[in-house]
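Encoded as structure tokens, the structure appears first; notes follow it.
The values are calculated or read from the model by the stated rules, or taken from the named source; none is laboratory data. Because the structure is a prediction, the values reported are computed rather than measured. Cβ placement follows ideal geometry from the backbone for every residue including glycine, while neighbour counts extend to all protein chains displayed. What goes into the accessible areas is simple: the full protein's heavy atoms, side chains included, and nothing from ligands, DNA or RNA. Shrake-Rupley method; radii C 1.70, N 1.55, O 1.52, S 1.80 Å.
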Amino acid sequence: METFDKRKKFKAILKKNPLYIILIKKLKKYYQKKYFFYLSHDKDKAYLYLAALESLKAFLKGEIPIGCVLVSPEGKIFKAHNLKETLKKPYAHAEILAIKKACNYYKTWYLKDFKIYVTLEPCLMCFGCILESRIKHIYFGYKEKKYGFSNFINFQNFFPKIHIKNFNLSDIIIPIKIFFKLLRKR
């Protein structure tokens, strides 16, 4: 059975439009500046921009550009980006891969005092994994209107001890908008 490989199509489109590669390089510099700017006075936003830098890696691989940063109480950082198409696994989302890295490093599934930062609101599957890991702080750059967990559950009633914050940073989802614009081009 032949499967449609979005990555091949996306990489072919990128070869025909080198201006998008230049745009991604400029976005990388912009995100780096934002990361270092916020690092001194708003670490939550700084880590979101670090997640945005991670999302650019996914973009260049032809993956949906979502990045994730998981920060331990000691300040150890675990970064990941979507690899669903690369690994051919439906659960290879950025959040799950970052949690897996942290669990392997600490040799435990219990990540109680960790904070997770994601460029886009986690899906229901990733939210479930975050809950199972006992992560109490969830920060995301932009709300996902279609597949975000808050579209399916009222988390404030069910999970009052979990701190969830949407920063509503529209510049963080620029790679996602470009990615889908390019994919829909014929």
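Numbers for the structure displayed
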| quantity | calculated |
| --- | --- |
| Set TYR30, TYR47, TYR20: member being part of a helix (DSSP H, G or I) and touching a strand residue (DSSP E or B) at 6+ places or on another chain (Cβ under 6 Å) | TYR47 |
| Residues located in the range 3-35, provided they are touching a helix residue (DSSP H, G or I) at 6+ places or on another chain (Cβ under 8 Å) and open to solvent by 90 Å² or more (accessible area, probe 1.4 Å) | LYS28 |
| Members of the range 43-53 that are within 17 Å of TYR142 (Cβ to Cβ) and free of Cβ contacts under 8 Å to residues at least 60 places away in the same chain | ALA46, LEU53 |
